[in-house]
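The values are calculated or read from the model by the stated rules, or taken from the named source; none is laboratory data. Quantities reported herein were computed from a predicted structural model and do not represent experimental measurements. Here Cβ is always computed from backbone atoms with ideal geometry, including for glycine, and neighbour counts include all displayed protein chains.
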Amino acid sequence: MALNRVFIILTNLPVAGSLFRRANSQLLQVALNRTVRTNAYHLQKIGSDYGGWIVPSDRVDSSSICYCVGAGEDITFDIGLIEKYGCEIFSFDPTPRAIRHMENIAGAESRYRFFAKGLWSSNCRMRFYAPRNPKHVSHAIVNLQGTSDYFEAECDRLSNIMKSLGHTRLDLLKLDIEGAEWVVLDSILEDRLDVRTLCVDFEPTLFVAVVSLVLRLRRAGHILADIDGWNFTFIR
């Protein structure tokens with residue numbers, strides 16, 4: 001934990017942080033090179049440069065069940081999936097600015113189902129801490145930036161949400177949840193959920209921690225197919 005705090009401090013420094021993040025990303029690329037099977041899949045990036053994700057294009061269709069967790073103010077990936085495949089999107093984000101953005105962009109889209117709820121390990125009410133820069137939208141349960149301002153919102157375990165919506169599998173799950181991905185991924189592995197394509201944004205952390213989790217996911221059948229910065233795509 002102490003090493004992770006040092007890493008977070010370093011990554012927030014203007015110049016050194018940029019170099020440190022780049023070096024860490026390169027280490028990840030080298031360490032995980034043998035697990036990546038990019039050429040085995042029909043991979044395509046959907047969405048904007050900032051908010052887009054790389055997915056196996058031949059594994060999504062109009063019948064796919066897609067959960068996009070962490071909308072922020074860029075839902076081009078969600079909308080891109082609807083436009084390209086005609087599938088229904090289940091989107092989750094309790095952040096007030098994300099809710100307003102969703103209403104402006106996709107409020108009239110019947111295939112876009114939005115829930116003002118967060119993901120965690122249980123059904124509970126959690127604090128979401130604000131970023132240091134008020135221009136940024138993303139809030140974090142784990143208080144990545146050590147701020148004091150927060151809002152509270154209802155959260156639930158992914159397996160509970162799936163059960164409430166009548167889903168026994170997910171064809172695609174996107175997690176962009178500001179450090180809460182570690183807890184949520186643990187719950188997915190514990191509950192042995194059937195997730196076919198898993199897209200995860202890891203907040204900058206020590207590469208050895210990410211490598212360890214990637215290997216855990218691989219043992220559960222989630223094969224790493226692509227790395228795009230800190231965005232990882234797994235296929236099962």
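Mind listing just one residue for me: the one in segment 137-149 that is closer than 25 Å to Asp186 by Cα and over 15 Å from the mean Cα position of the chain (by Cα) and, of those, surrounded by the fewest Cβ atoms within 10 Å (Cβ to Cβ)? Explain how you work it out, then say what you get.
First pass over segment 137-149, keeping only residues closer than 25 Å to Asp186 by Cα: 138-146.
From what's left, over 15 Å from the mean Cα position of the chain (by Cα): 143-146.
Working: Asn143: 16, Leu144: 19, Gln145: 18, Gly146: 11.
Going through the qualifying residues, I end up with Gly146.
Within segment 93-106, identify whether any single residue is in contact with a Phe, Trp or Tyr (Cβ under 8 Å, 6 or more places away or on another chain), touching a residue at least 60 places away in the same chain (Cβ under 8 Å) and either of a type in the set (Gly, Ala, Ser) or under 18 Å from Arg196 (Cβ atoms) (or both), and answer yes or no.
no
For segment 141-157, indicate whether the set of residues that are more than 20 Å from Ile46 (Cα to Cα) and among the aromatic types (Phe, Trp, Tyr) is non-empty. It would help to see each step written out before you state the result.
So the first thing to find is which residues in segment 141-157 are more than 20 Å from Ile46 (Cα to Cα), and the list is 141-157.
Applying the additional criterion that residues be among the aromatic types (Phe, Trp, Tyr) yields 150-151.
Within segment 141-157, one or more residues are more than 20 Å from Ile46 (Cα to Cα) and among the aromatic types (Phe, Trp, Tyr).
Which one is farthest from Ile177 (Cα to Cα) among residues in segment 195-234 that are polar (S, T, N, Q) and touching a strand residue (DSSP E or B) at 6+ places or on another chain (Cβ under 6 Å)? Reasoning before the result, please.
Kept after step one, since they are polar (S, T, N, Q), are these residues of segment 195-234: 197, 205, 212, 231, 233.
Subsequent filtering for residues that are touching a strand residue (DSSP E or B) at 6+ places or on another chain (Cβ under 6 Å) retains 197, 231, 233.
On the way: Thr197: 17, Asn231: 12, Thr233: 15 Å.
Here the residue is Thr197.
Quick check on this structure: which one of Ser91, Ser63 is out of contact with any Leu (no Cβ under 9 Å at 6 or more places or on another chain), under 18 Å from Asp201 (Cα atoms) and at pLDDT 95 or above? Steps first, please.
Numbers: Ser63 fails: under 18 Å from Asp201 (Cα atoms).
None of the others qualify; the one that does is Ser91.
Among Arg34, Arg21, which is the only one that is of a type outside the set (Val, Ile, Thr), buried (at least 17 other Cβ atoms within 10 Å of the Cβ) and at pLDDT below 55?
Numbers: Arg34 fails: buried (at least 17 other Cβ atoms within 10 Å of the Cβ).
Matching residue, one of Arg34, Arg21: Arg21.
With the checklist (1) under 17 Å from the mean Cα position of the chain (by Cα); (2) surrounded by 14 or more Cβ atoms within 10 Å (Cβ to Cβ) in hand, flag the one item His167 doesn't pass.
Of (1) under 17 Å from the mean Cα position of the chain (by Cα); (2) surrounded by 14 or more Cβ atoms within 10 Å (Cβ to Cβ), only one is false for His167: (1).
If the requirement is being at pLDDT 95 or above and of a type outside the set (S, T, N, Q), which of these qualifies: Gly70, Gly146? Walk me through how you get there before you give the answer.
Working: Gly146 fails: at pLDDT 95 or above.
Just a single option satisfies the conditions, and that option is Gly70.
Anything in segment 113-127 that is out of contact with any Gly (no Cβ under 7 Å at 6 or more places or on another chain), outside any loop (DSSP other than H, G, I, E, B) and farther than 21 Å from Glu103 by Cα? List them, or say none.
Answer for segment 113-127, where residues must be out of contact with any Gly (no Cβ under 7 Å at 6 or more places or on another chain), outside any loop (DSSP other than H, G, I, E, B) and farther than 21 Å from Glu103 by Cα: Cys124, Arg125, Arg127.
For (1) in contact with an Asp or Glu (Cβ under 6 Å, 6 or more places away or on another chain); (2) surrounded by fewer than 19 Cβ atoms within 10 Å (Cβ to Cβ), each residue gets a yes or a no:
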position: Ile75; (1), (2): no, no
position: Asp78; (1), (2): no, no
position: Lys84; (1), (2): no, yes
position: Ile89; (1), (2): yes, no
position: Asn104; (1), (2): no, yes
position: Ala116; (1), (2): no, yes
position: Leu119; (1), (2): no, no
position: Leu158; (1), (2): no, no
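Just checking, how many residues over segment 78-102 are within 22 Å of Gly118 (Cα to Cα) and among the aromatic types (Phe, Trp, Tyr)?
The qualifying residues number 2.
Among the residues of segment 127-136 satisfying the criterion of being surrounded by fewer than 18 Cβ atoms within 10 Å (Cβ to Cβ) and under 18 Å from the mean Cα position of the chain (by Cα), which is farthest from Val183 (Cα to Cα)?
So, considering only residues that are surrounded by fewer than 18 Cβ atoms within 10 Å (Cβ to Cβ) and under 18 Å from the mean Cα position of the chain (by Cα), the one farthest from Val183 (Cα to Cα) is His136.
Somewhere in segment 134-155, is a residue touching a residue at least 12 places away in the same chain (Cβ under 8 Å) and basic (Lys, Arg)?
no
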